[in-house]
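**Q** Below you will find the structure I want to go over with you.
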Amino acid sequence: MTGKNPDQTVTPLLIALCAGGTALLWPPLALLVLALLGARVLMRGEARIDFAQMAGPVVASLIVGAFVGLAGAIGVLFVWRVYADTSWSVAEAKRLAMAAGRPAETQFTALAHAWATPFYGVTTVAFTAPHMIAGLPLDLPHVPYYVPLAAGVIAAGGLFDWGLQRAADWRLGELATAPAAHLLSHHIVFALGFGLMIDVSAGVFALMAWRLVHAAPFGARVFRPALPAPTT
């Protein structure tokens, strides 16, 4: 088997689940948790804000908000955030697969299941809209019941097929644990956060916490080491 430290996958998942659970019970505390995680990322000095990448979603949300109100604008930002985090997660799975010497697991067909679960979550949120996220309204265009139903069947089928392939790899002693563990946590976060509809707000908190912990893993240096003084 090939892989990395399990804590690098388990810790972000556990913190994400705790953040989501906290958001269900006491949202202000969940906001504090996210603020602390965000501050930890900033203290590492590696955070980069791509304003050009944010321009499109922000403009789109402003346009939608001007026509349908704040709830629609928040809905646009929600879909963009899910897409952005899914893109990051898939890219991370590709990186881990390449590091493990499994280029076949970087193909789109091998990672389609990773897109199916978030898509199912978005369609479920759209079917059950409107919602509230941290006191802000969220609304998406309503979809009929068969849209999330079909998306759920596709997501479940893709996840089942991926699980069978990883089980076969494990039996042969060829399981690449790092990408497999990452994708498993990916499905857990998106399925619990949005697909099972426990609470959309809690799902957003969990997703944000998951990304922030990955951006500044625990066990890594928070502050960059000081540069040595120049010699004369």
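**Q** When you check residue 160 against the structure, is it touching a helix residue (DSSP H, G or I) at 6+ places or on another chain (Cβ under 6 Å), at pLDDT 90 or above and of a type in the set (Phe, Trp, Tyr), yes or no?
**A** No: the conditions fail for residue 160.
**Q** When the residues of segment 100-145 are narrowed to those that are touching a residue at least 60 places away in the same chain (Cβ under 8 Å) and hydroxyl-bearing (Ser, Thr, Tyr), which ends up nearest to residue 88 (Cα to Cα)?
**A** Filtering segment 100-145 for residues that are touching a residue at least 60 places away in the same chain (Cβ under 8 Å) and hydroxyl-bearing (Ser, Thr, Tyr), the one nearest to residue 88 (Cα to Cα) comes out as 117.
**Q** Here's a follow-up. Go through (1) at pLDDT below 90; (2) buried (at least 19 other Cβ atoms within 10 Å of the Cβ); (3) of a type outside the set (Asp, Glu) for residue 96 and report which single condition fails.
**A** (1)
**Q** Tell me yes or no: at least one residue of segment 32-43 is modelled with pLDDT under 90, under 18 Å from the mean Cα position of the chain (by Cα) and not in a helix (DSSP H, G or I).
**A** No, segment 32-43 has no match at all.
**Q** Pick from segment 105-142 the residues that are under 26 Å from residue 24 (Cα atoms) and β-branched (Val, Ile, Thr): which of them is modelled with the lowest pLDDT?
**A** It comes out as 133.
**Q** Hey, another quick one. Evaluate segment 184-195: report whether one residue or more is farther than 21 Å from residue 94 by Cβ, in contact with a Pro (Cβ under 7 Å, 6 or more places away or on another chain), modelled with pLDDT of 90 or more and surrounded by 15 or more Cβ atoms within 10 Å (Cβ to Cβ).
**A** No, the conditions are met nowhere in segment 184-195.
**Q** While we're on this one: Of all residues in segment 52-86, count the ones that are farther than 25 Å from residue 189 by Cβ and loosely packed, with under 14 Cβ neighbours inside 10 Å.
**A** Selection size over segment 52-86: 8.
The values are calculated or read from the model by the stated rules, or taken from the named source; none is laboratory data. These numbers come from a predicted model, not from an experiment. FYI the Cβ positions are ideal-geometry reconstructions off the backbone, even for glycines, and counts take in every protein chain you see.
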